[in-house]
Amino acid sequence: MSAAVEDQVILITGAASGIGKALVEGFLADGARVMAVDVDEAGLATLKGDRLLAHVADVSDPEAVANMIQLAVTHFGRLDVLFNNAGIGVRAPLVDHAPADFERLIRVNLIGPFLAMQVAMQLMQDQGGGHIINTLSRAGEAGGAGFGAYGASKAGLYTLMRTAAREMLGTGVRINGLIPGPTKSGMNPKAPQDPADVYPTARWMVETGAGDQTGRVFWNQQEYLMFDEGNVTFKREIV
């Protein structure tokens, strides 16, 4: 067990599969108390643990988001860490992208974290502190073909994170971003790393790795500067 993680209350969205599931399993193994949230009830049922609370909710629904955070506090007594990890991906050229699919992606990937942050920031401020971590992506800065909606959602989430962090300065509430890197998923089945490979950086951020920093983005336990022209990926994709 990790002493810095043990007994912390951590809420993870998008928890039924992929990165979210790996985070749930990792934090449970390290002794945290975890609330796992997803729309996939069957996927949530595969998660096991004495310190686990599984909850079905749609993060794009304001009432459902408010209820999930309140349930975490009612069940565990507080909320130390919120991982806004839920996300969907639709790969399509913009000219072929169905407006309804575009809107649904934005609702899950961007409006969902906004709704959760809005509730959690006030709650964490009242309890004396907390940490909100948003799953970001370099797709937000690259403008990759076919990833217009997904990239726009992640670029928007980066800006939202920066704004929230600024507004929470001095309150004890930190808000940061986590870039997983290319990870195997339904959208990216040939990616070089497994979801479990993301957990060490997530744990590091929850422990002491991010220190008192807020409004920052981390990848592989190091700070990553979004929209920096020195980023190899950014330069290659734009040229």
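Excluding the sites themselves, what is the longest stretch of the chain that contains no GluC sites (Glu not before Pro) in a DSSP loop with at most 16 other C-beta atoms within 10 Å?
Formally, the longest exposed-site-free interval is 7-206.
Could you work out how far the C-alpha centroid of the stretch 151-204 sits from that of the stretch 1-40, in angstrom?
Rounded to whole Å, the Cα centres lie 15 Å apart.
Compare the Cα positions of THR74, PRO192, LEU11 along the charge dipole of the chain (+1 at Cβ of Lys, Arg; -1 at Cβ of Asp, Glu; about the Cα centre) and return the one farthest towards the positive end.
PRO192
State the label only: which of (1) 1, 6, 10, 11, 11, 10, 9, 9, 8, 7, 5, 4, 3, 3, 1, 1, 0; (2) 1, 6, 13, 16, 16, 13, 11, 9, 7, 5, 3, 1, 0, 0, 0; (3) 1, 7, 15, 19, 22, 18, 11, 5, 2, 0, 0 corresponds to P(r) over Cα pairs in 5 Å bins from 0, in percent computed from the shown model?
(3)
For the chain, what proportion of DSSP beta bridges, expressed in % and rounded to the nearest 5, is antiparallel?
Counting DSSP beta bridges with both partners in the chain, the antiparallel share is about 5 percent.
Mean Kyte-Doolittle of at least 0.0 plus a Cα span of 18 Å or more along the axis: flag which DSSP H helices in the chain meet both, please.
In the chain, the long hydrophobic H runs are 62-76, 112-127.
For the chain, what relative contact order do you get, as a whole percent, if you take Cα pairs closer than 8 Å and at least 6 residues apart?
Relative contact order here is 18 percent.
Coordinate-derived values only; no laboratory data. Bear in mind that the values here come from a model prediction, so they are computed numbers and not experimental data. Neighbour counts are summed over all protein chains in view; Cβ atoms, including those assigned to glycine, are modelled from backbone coordinates with ideal geometry.
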